[in-house]
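Presented below is the structure to which this report refers.
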Amino acid sequence: VQLQASGGGLVQAGGSLRLSCAASGRTFNGYTMGWFRQSPGKEREFVAAIRRYGGVAYYADSVKGRFTISRDNAKSTMYLRMNSLKPEDTAVYYCAAKANSGNYYSTRAYTYWGRGTQVTVSS
């Protein structure tokens, strides 16, 4: 499956953005989807994940209550709504996919990765 993330940009602290991840090549609802982020000098970290049919989502503690992950299987697209953004949310955001369930939090569990989209939050 090929993944393409979009929607990043520059926003002031307290603002909002919505990221999208468009998938192609395989049946989208066959994949668990996730968002990760990486800032300079840091390892890539888990942000959120959503099961194949969107019924259950998982979040990093740092974004819980501010970010919402969702997916539209008919459009083969996943989203990340980010509210109340903070400067520490600044990073390149990546979408990822894996064919099996479980182990939602580890980068190594995901097989497919898209190119990232830059999110910059100014103070």
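Go through (1) open to solvent by 40 Å² or more (accessible area, probe 1.4 Å); (2) touching a strand residue (DSSP E or B) at 6+ places or on another chain (Cβ under 7 Å) for V119 and report which single condition fails.
(1)
Here is a list of conditions, (1) open to solvent by less than 60 Å² (accessible area, probe 1.4 Å); (2) modelled with pLDDT of 95 or more, and N29 meets all of them except one; can you say which number that is?
Only one criterion in (1) open to solvent by less than 60 Å² (accessible area, probe 1.4 Å); (2) modelled with pLDDT of 95 or more is unmet by N29, namely (2).
What pairs come up if the first residue lies in region 38-59 and is of a type in the set (S, T, N, Q), the second is in a loop (DSSP other than H, G, I, E, B) and surrounded by 14 or more Cβ atoms within 10 Å (Cβ to Cβ), and their beta carbons are under 9 Å apart, counting only those six or more places apart or on different chains?
The qualifying pairs are Q38/R44; Q38/G116; S39/T90.
What do you reckon, is L3 buried (at least 18 other Cβ atoms within 10 Å of the Cβ) and within 13 Å of V119 (Cα to Cα)?
Spelling it out, it is not the case that L3 is buried (at least 18 other Cβ atoms within 10 Å of the Cβ) and within 13 Å of V119 (Cα to Cα).
Look through region 105-115, keep the residues that are out of contact with any Lys or Arg (no Cβ under 8 Å at 6 or more places or on another chain) and either among the basic types (K, R) or closer than 22 Å to G25 by Cα (or both), and return whichever of them is least open to solvent (accessible area, probe 1.4 Å). Steps first, answer last, please.
So the first thing to find is which residues in region 105-115 are out of contact with any Lys or Arg (no Cβ under 8 Å at 6 or more places or on another chain), and the list is 105-106, 108, 113-115.
Checking which are either among the basic types (K, R) or closer than 22 Å to G25 by Cα (or both) leaves us with 108, 113-115.
Details: R108: 217, W113: 82, G114: 9, R115: 188 Å².
Top of the filtered list is G114.
Write out, first by first residue and then by second, each pair whose Cβ atoms fall under 9 Å of each other, whose residues are 6+ apart or on separate chains, and whose first residue, in region 85-114, is under 20 Å from S39 (Cα atoms) and small (G, A, S) while the second is open to solvent by 40 Å² or more (accessible area, probe 1.4 Å) and in a helix (DSSP H, G or I).
That search, which allows pairs on different chains as well, returns A96/T107.
Select from region 67-93 the residues that are among the basic types (K, R) and within 18 Å of Q118 (Cα to Cα) and write down the one among them that is least open to solvent (accessible area, probe 1.4 Å). Talk me through it step by step, then tell me what you get.
Within region 67-93, the first condition is being among the basic types (K, R), and the residues that meet it are 71, 75, 81, 86.
Next, from what is left, pick out any that are within 18 Å of Q118 (Cα to Cα): 81, 86.
Numbers: R81: 106, K86: 80 Å².
The selected residue is K86.
The values are calculated or read from the model by the stated rules, or taken from the named source; none is laboratory data. A quick note: this is a predicted structure, and the numbers were derived from the prediction, not measured. Because the Cβ atoms are built from the backbone with ideal geometry, glycine has one as well, and the counts that use them run over all protein chains shown. The accessibility values were calculated without ligands, DNA or RNA, using every heavy atom of the protein model including side chains. Shrake-Rupley method; radii C 1.70, N 1.55, O 1.52, S 1.80 Å.
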